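Below: one structure, written as structure tokens.
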Amino acid sequence: MGVKSAERVLEIFELLKDYPEGLTMKEIGEELGYAASSAFGLVRTLAEQGYLLENDNKRYTLGAKLIQLGAYASSYLDINKIAAPVLKRLMENLKETVFMAVLSGEEIVYVAKVDNYRSISTNARLGGRKPIYCTGLGKAFLTYMAENERRDLIEGIRFIPMTEHTITRKEDLYEQLNQFKEQGYAVDNEEIEVGLWCAAAPVFNSNGEMEAAVSVSGPTERMKGNKDMIVSLLLEAAKEISEKLGYIGK
């Protein structure tokens, strides 16, 4: 297969992912800007091999073979390995501590930490657990989980004040989460440790599910003084990791 043919195969796959009902041979050619005759051989071969599926209306959709290959690819993905260079670059750009965590019940578990020489001292450590309601990472999970799951979690939480700034009323937490959803990231404003401010953003997998959260933490005054830049680079990093995991949403 020549380079041009390989490019067209990829273009066909990219096109059909946006058409779950499928496209005819003619429509595929029109959408990609070349004659149906040019697409015919490729489409027929892909269908015969199981990479495309032809339905009764002569429309083509992505086939089961691609699902199988995607499953293999997913099994090879290691989020820590994928995220590591992105997290390191984020730390180097901001000169602040960067974390990544996953959800475990009512707690988050730190799975990655990239320190900086001027980092504020924090008791967060790799493998350590923290409550979901008073950490930026935890609140990022609460922000993006299904409504019924979020309600069940929050209703079962025993709110213990970690600092004088810790939210202890579920009504206040719900209000915060609505704001976080609008702005695209969550914040912990000295709620888990005095003097520590944190912004956290979601990381999604190929199924559109939140796989992890990434955060940047540092001294409150310094972090708030550089908030716009910190949030911008944080969101870029979370988006990059999501895309590397196969996420194709917004």
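Since every read-out is calculated from the coordinates, none of them should be taken as a lab result. None of the values given here were measured: they were computed from a predicted structure. Reconstructed Cβ throughout: ideal geometry from the backbone, glycine too, with neighbour counts over all protein chains shown.
Per q in 0.30 1/Å, what log10 I(q)/I(0) does a Debye calculation on the alpha-carbon atoms of segment 176-221 return? Listed by q, the Debye log ratios stand at -1.06.
Dividing the Cα radius of gyration of segment 77-244 by 2.2 N^0.38 Å, with N the residue count, gives 0.94. When VAL111, VAL86, VAL43, VAL194 are arranged by Cβ crowding within 10 Å, least crowded first, meaning fewest neighbours, the order is VAL194, VAL111, VAL86, VAL43. Residue order for GLU147, GLU240, fewest other beta carbons within 10 angstrom first, comes to GLU147, GLU240. Would you compute the Debye intensity of segment 3-74 from its alpha-carbon atoms alone, equal scatterers and no solvent, and pass along log10 I(q)/I(0) at q = 0.15, 0.25 Å⁻¹ to two decimals? Each listed q maps to, in turn, -0.44, -1.21.
Test of understanding: ordering MET145, MET229 by Cβ neighbours within 10 Å, fewest first, what list do you get?
Result, fewest neighbours first: MET229, MET145.
Computed over the Cα atoms of segment 145-250, what is the ratio Rg over Rh, Rh following Kirkwood?
Working: Rg = 14.8 Å, Rh = 15.0 Å.
Expressed as Rg/Rh, it is 0.99.
Charged side chains reduced to their Cβ positions (Lys and Arg at +1, Asp and Glu at -1) give segment 3-74 a dipole of some 220 debye around its Cα centre.
Multiplying the residue separation of GLU164 and ALA35 by 0.36 nm and subtracting their alpha-carbon distance yields 39.6 nm. Once the chain from ASN93 to LYS224 is taken as fully extended at 0.36 nm per residue, the excess over their C-alpha distance is 45.5 nm.
Taking every DSSP helix (H) stretch of at least 4 residues in the chain, weighting each as -39,500 (n - 2.57) and dividing the sum by the residue count yields a mean residue ellipticity at 222 nm of -15000 deg cm²/dmol. For segment 91-175, the calculated P(r) over all alpha carbon pairs, in 10 Å bins from 0 to the bin holding the longest distance, is 16, 45, 30, 9, 0 percent.
Once C-alpha pairs closer than 8 Å and six or more residues apart are averaged by separation and normalised to the residue number of the chain, the relative contact order reads 15 percent.
The distance separating the Cα centre of segment 152-201 from that of segment 224-250 comes to 20 Å. Taken about its Cα centre, the chain carries a charge dipole of about 620 debye when Lys and Arg each add +1 at the Cβ and Asp and Glu each add -1 at the Cβ. For LYS224, the lysines whose Cα falls under 18 Å of its own Cα, not counting residues fewer than eight places away in the same chain, are LYS95.
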